[in-house]
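Bear in mind that the values in this text are calculations on the coordinates, not laboratory data. These numbers were taken from a predicted model, which means no experiment stands behind them. Methodologically, a virtual Cβ is constructed for each residue, glycine included, from the backbone with ideal geometry; neighbour enumeration extends over all protein chains shown.
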Amino acid sequence: MTGEQVLPAAEQTLAVTDGRIVGVGVTGPAHMTLDAQGRALLPGFIDCHTHTLWAGDRLGEHLMRLAGASYQDIARAGGGILSTVKAVREASEDELAASALPRLNTLLREGVTNVEIKSGYGLDTESELKMLRAIGRLGEISGIDIHPTFLGAHAIPAGEDADSYLDQVVNEMLPAVAEQGLAEAVDIYVENIAFGVEHMRVLFEKAASLGLGCRVHAEQFSDMGASEMAANMGAWSCDHLEHTAEAGAAAMGRAGTAAVLLPGAFYFLKETKKPPVELFREHQVPMALATDLNPGSSPVASLLTCIHMAPVFFGLTPNECLLGVTRHAARALGRSADLGTLEAGKLANFCLWDIADPRALTYQLGGLAPEAVYIRGQRHA
Ligand code: NIG
Ligand code: FE
């Protein structure tokens, strides 16, 4: 795994036709040929786990945590995700899209060409569909490639119980989401303050029958066996994973499920338990890295900051970090055929960086930006 390179240094030219790469290291027949002229030519970075669309803020909770409260205490007291749900239900589709746009542009300026965005702050059919429509609209107005994920099973709404709410998610919301083509995957938060593994099984079975990918917030605060079951069910990714044990890592390795590590949430919640990176290496689990950009646990609109933190906090190598925001992030999105490397046939999402060694991107914190960002062959920044 550590031997894999993001891009061989010698490949300095790309041939692009109709938004796709048709040749690397060649000038071949193409509508556009790009010569990197000594600059580093890297795949566009992929932020494969975000909650970029929200309303309101959670500054008050941040202050409570600084004074000693925990993320789980605040959630159990009816704050946390549920306070963002209230704000999102009150916001219009236009307001939601407009407030997310500057966050997306911030990511773009750091060379992020693809962003996954989850719903999950609506928690009723109408509000979840509103979020997903706003997420779809963001793709049109920002020019960034957006990957929408349906996270109706993010929290249990006030006054409802987990079983009957999950039943609504699976039998009412998910069929509507699939029919309207509003998401590529489903996600669920398996945790002692949210849903259990049996809920996940029911959701994943239904999602698979509708042709959607499966992802899970797993083992952030405790090990409930979610990653093992998810991998055995063919999940694209398991995310967070601070408390994952060997059975989970082994199952992910066997299935080729990506482990999405989220150093922003680890940092902001002042966690001390680290994801088992050694086990992931041993079991050849593709490790991805993402911002988890959200108002509660990771108000971190910077993927470069995350690839800076991952070596320091989790012991990832710089090369693992670069793979984590390219090839392995594509896998977490179920899009390895289209994204993550610069190869003929893939989308022409790439950046030019004025750096001699791409590993330098994990060295300096702040002040780094690509010279040019291309999405589907079009220059965007
Ligand atoms: O990935 N853990 C659940 N979901 C988010 C937090 C969302 C929020 O607190 O608003 C996460 O950390
Ligand atoms: Fe998340």
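Remarks
- Within the chain: Cβ-based charge dipole about Cα centre, in debye rounded to nearest 20 (Lys, Arg +1; Asp, Glu -1): 760
- Inter-label distance, nm, simple model (7 Å from Cα along the C-beta direction), residue 192/residue 161: 2.1
- Taking 0.36 nm per residue of sequence separation and removing the Cα-Cα distance, the residue 90/residue 222 pair yields an extension gain of 44.3 nm.
- Comparing 188, 74, 21 in a Gaussian network model of the chain where C-alpha atoms under 10 Å apart are linked, the largest mean-square fluctuation is found at 74.
- Region 49-205: relative contact order in percent, alpha carbon pairs under 8 Å with at least 6 residues between: 23
- Packing-based order for 195-207, 260-272, using average beta carbon neighbours within 10 Å, highest first: 260-272, 195-207
- Backbone N within region 282-321 under 17 Å of label point (7 Å from residue 359 Cα along the Cβ vector): 307-321
- What the phi angles of region 186-196 give under the Karplus curve with 6.51, -1.76 and 1.60, with θ = phi - 60°, is a coupling list of 10, 9, 8, 9, 9, 6, 5, 9, 9, 10, x Hz, glycine and proline written as x.
- Our summary gives the chain a relative contact order of 21 percent, counting only alpha carbon pairs under 8 angstrom and 6 or more residues apart.
- Taking each residue as 0.36 nm, the span from residue 246 to residue 32 lengthens on full extension beyond its C-alpha to C-alpha distance by 72.3 nm.
- Cβ-based net charge around residue 66, under 13 Å, with every Lys or Arg adding one and every Asp or Glu removing one: +2
- Taken as Cα centroids, region 340-381 and region 103-178 sit 27 Å apart, rounded to the nearest whole angstrom.
- 222 nm mean residue ellipticity, helices alone, for the chain (DSSP H n ≥ 4; -39,500 (n - 2.57); rounded to 500): -10500 deg cm²/dmol
- Note on the chain: lysine pairs with Cα distance below 25 Å, sequence gap of 8 or more or different chains, count 8.
- Order of 150, 280 under a 10 Å beta carbon neighbour criterion, fewest first: 280, 150
- Cβ crowding within 10 Å ranks 141, 81 as 141, 81, fewest other Cβ atoms first.
- Region 234-302: relative contact order as a whole-number percent, Cα under 8 Å and 6+ apart: 36
- Here r is the Cβ-Cβ distance between residue 126 and residue 270 and R0 is 30 Å; the resulting FRET efficiency, rounded to 0.05, is 0.25.
- Highest GNM mean-square fluctuation among 239, 161, 57, for the chain modelled with Cα contacts below 10 Å: 161.
- Largest mean-square fluctuation among 132, 303, 316, in a Gaussian network model of the chain whose springs join Cα atoms under 10 Å apart, belongs to 316.
- From least to most packed, judged by other beta carbons within 10 angstrom and beginning with the fewest, 118, 86, 130 follow the order 86, 130, 118.
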